[in-house]
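The values are calculated or read from the model by the stated rules, or taken from the named source; none is laboratory data. This is a predicted model, so every value here is computed, not measured. In this analysis, Cβ positions are derived from the backbone assuming ideal geometry, glycine residues included, and neighbour counts consider all displayed protein chains. With ligands, DNA and RNA removed, areas are computed over all heavy atoms of the protein, side chains included. Shrake-Rupley method; radii C 1.70, N 1.55, O 1.52, S 1.80 Å.
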Amino acid sequence: MASTNSWTHEIESSVAAPRLFRAGVMDWHTLAPKLAPHIVASAHPVNGEGGIGSVRQFNFTSAMPFSVMKERLEFLDEEKCECKSTLIEGGGIGSAIETATSHIKVEPAANGGSVVKVDSTYKLLPGVEVNDEITKAKESVTAIFKAAEAYLITNPDAYN
C-alpha cells in the first residue's frame, strides 16, 4: 500500500517577499526558459489567466529525468505570497507518483529580504522507493529561487 510522504524546505533571500513571489512563482513560466535554459526548454500557460484552476506546462531538457510537467493552481493568496499547486501530468505522475502537491509561501524577513517555505506532499505508487529524489527536489527548488533572486537583484525595477 502506498503511503503519503512529505518534505519541507526553507530558502533565505535578500529580495523582498512580494517581488520574489511574483518572479519565482507566479511568472516562473516566463522567466525559467530565460534564466535556466539548461533545465527548462520552454514553459507556457495551458489554460486560465494565472488564477485558481489555471494550468501551466514546463518542458524540460535532458537535464531532468522527465520531459514535461503540468501543474494546476489550487490556492492563491497574492497578498500573503502564498499558493498551492497540484502536479497533474508528467513529473513522475503515473510512473512513480500517484499524487503530488506543493505549498509555497514567501514570508518577509526582518532584514527586508524573505524566506521561501516549501511543503511538498506526495503519494508514491506501490513498490516505488524514494532514494535521492528529495535531495534533488530541494536542490531544484533552491536553484529556482536563487535564479529568480539573482535576476531581481540585477534588475531592481522588475516585478515591483
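Quick rundown of the values:
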item: The range 96-116: number of residues that are over 18 Å from the mean Cα position of the chain (by Cα) and of a type in the set (Ser, Thr, Tyr); result: 0
item: Members of the range 95-123 found to be of a type outside the set (D, E, K, R), farther than 18 Å from Val55 by Cα and surrounded by fewer than 18 Cβ atoms within 10 Å (Cβ to Cβ), listed by number; result: Ser95, Pro108, Ala109, Ala110, Asn111, Gly112, Gly113, Val115, Thr121
item: Failed item in (1) open to solvent by 50 Å² or more (accessible area, probe 1.4 Å); (2) under 19 Å from Met64 (Cβ atoms), with Leu87 passing the rest; result: (1)
item: Residue match in the range 80-100 (condition: touching a Gly at 6+ places or on another chain (Cβ under 6 Å), within 20 Å of Ile134 (Cα to Cα) and among the hydrophobic types (A, V, I, L, M, F, W, C)); result: no
item: Qualifying positions in the range 1-45 - part of a strand (DSSP E or B) and open to solvent by less than 70 Å² (accessible area, probe 1.4 Å); result: Asn5, Trp7, His9, Ile11, Ser13, Val40, Ala41, Ser42, Ala43
item: Long-range neighbours under 9 Å by Cβ, at least six apart or interchain, first residue over 20 Å from Lys117 (Cβ atoms) within the range 139-155, second surrounded by fewer than 14 Cβ atoms within 10 Å (Cβ to Cβ); result: Tyr151/Lys34; Ile153/Ser14
item: Residue that is surrounded by the fewest Cβ atoms within 10 Å (Cβ to Cβ), among those in the range 124-149 that are in a helix (DSSP H, G or I) and in contact with a Leu (Cβ under 8 Å, 6 or more places away or on another chain); result: Ala147
item: Tally of residues being assigned to a helix (DSSP H, G or I) and surrounded by 15 or more Cβ atoms within 10 Å (Cβ to Cβ) across the range 150-160; result: 2
item: Cross-chain or 6+ apart pairs with Cβ under 6 Å, the range 76-100 first and at positive phi, then assigned to a loop (DSSP other than H, G, I, E, B) and not aliphatic (A, V, I, L, M); result: Gly90/Phe66; Gly91/Phe66
item: So Pro37, is it over 14 Å from the mean Cα position of the chain (by Cα), of a type outside the set (Gly, Ala, Ser) and closer than 23 Å to Lys80 by Cβ; result: no
